[in-house]
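Structure, as structure tokens:
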Amino acid sequence: MITVVDYGRGNLYSLSHALSHIAVEHVVSERPEDIHEAAAIVLPGVGAFVDAMDALASRDLVSPLCDAAARGVPLLGICLGMQILAAASEEFGARDGLGIIPGTVRALPEPCGPDGIRIPNMGWRKLVLCREDLLCHGLSQGVMTYFVHSYGFFAEDDSIVATSDVNGLAVPAVVRRGPVVGCQFHPEKSGPVGLRMLRNFFAEARLAELQSPGGCRGGVND
């Protein structure tokens, strides 16, 4: 079972539509047991870090998400869903995150001149691929993806897969720690490039499931 986490802070319609388009059978759920039973998890998110963590806590979803990551369940965090994978955030004061990937969420730099990027960073931006990764398989350097954010997840260097330039600063755009990956942009809104990345994630999740003890339970259509 593929579980898309519904905690009241995600763009679920667009994401669910994109997953259906690439033939990924999934459930949209706020139930802890659906996270516990998931073969792969998608954690979307829009809005503020504090609100997201409060929403997860109020639904008793923090421990199931952390437990799933510890068990090696593939997990994809999108936009704010990527940021709450971090250890902490500075948005509206210090606040702990899920602590799945080391790093801190901090404000993006403001533009220094008229040609800078206005914050929030909204629109199509180039990805700078820093290293090979299964999520980015088949993508060329400089592909464009769609961002909407005012804060960035500044992960440790060995977690960074790709960056995007924001007013002269290389802001992490894709991060990974084992089977847990995060995209600061919205793959479901990034056209063929985003769909390719979603396919890559679920192909990796499918391979992990086939290689795990107990074998295959289905859920991703080839």
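Exactly one residue out of Val46, Val42 is under 27 Å from Glu91 (Cα atoms), of a type in the set (A, V, I, L, M, F, W, C) and touching a Cys at 6+ places or on another chain (Cβ under 7 Å): that is Val46.
Might you check whether a residue that is within 21 Å of Ala107 (Cα to Cα), surrounded by fewer than 19 Cβ atoms within 10 Å (Cβ to Cβ) and of a type in the set (Gly, Ala, Ser) occurs anywhere in region 181-201? No, region 181-201 has no match at all. For Gly10, the stated conditions do not hold, so it cannot be described as in a helix (DSSP H, G or I), under 30 Å from Gln211 (Cβ atoms), small (Gly, Ala, Ser) and in contact with a Pro (Cβ under 7 Å, 6 or more places away or on another chain).
For region 153-170, filtering for residues that are of a type in the set (A, V, I, L, M) and crowded, with 24+ Cβ neighbours inside 10 Å leaves 2. Whether any residue in region 47-60 is open to solvent by 30 Å² or more (accessible area, probe 1.4 Å), acidic (Asp, Glu), under 27 Å from Thr163 (Cβ atoms) and part of a helix (DSSP H, G or I) is what I want to check. For region 47-60, residues open to solvent by 30 Å² or more (accessible area, probe 1.4 Å), acidic (Asp, Glu), under 27 Å from Thr163 (Cβ atoms) and part of a helix (DSSP H, G or I): present.
Among the residues making up region 77-107, a single one is in a strand (DSSP E or B), open to solvent by less than 10 Å² (accessible area, probe 1.4 Å) and more than 12 Å from Gln184 (Cβ to Cβ): Ser89.
The values are calculated or read from the model by the stated rules, or taken from the named source; none is laboratory data. Remember, it's a predicted structure, so these values are computed and weren't measured experimentally. Please note: Cβ atoms are built from the backbone with ideal geometry, for glycine as well, and neighbour counts cover all protein chains shown. Surface areas here come from the heavy atoms of the whole protein model, side chains and all, with no ligands, DNA or RNA. Shrake-Rupley method; radii C 1.70, N 1.55, O 1.52, S 1.80 Å.
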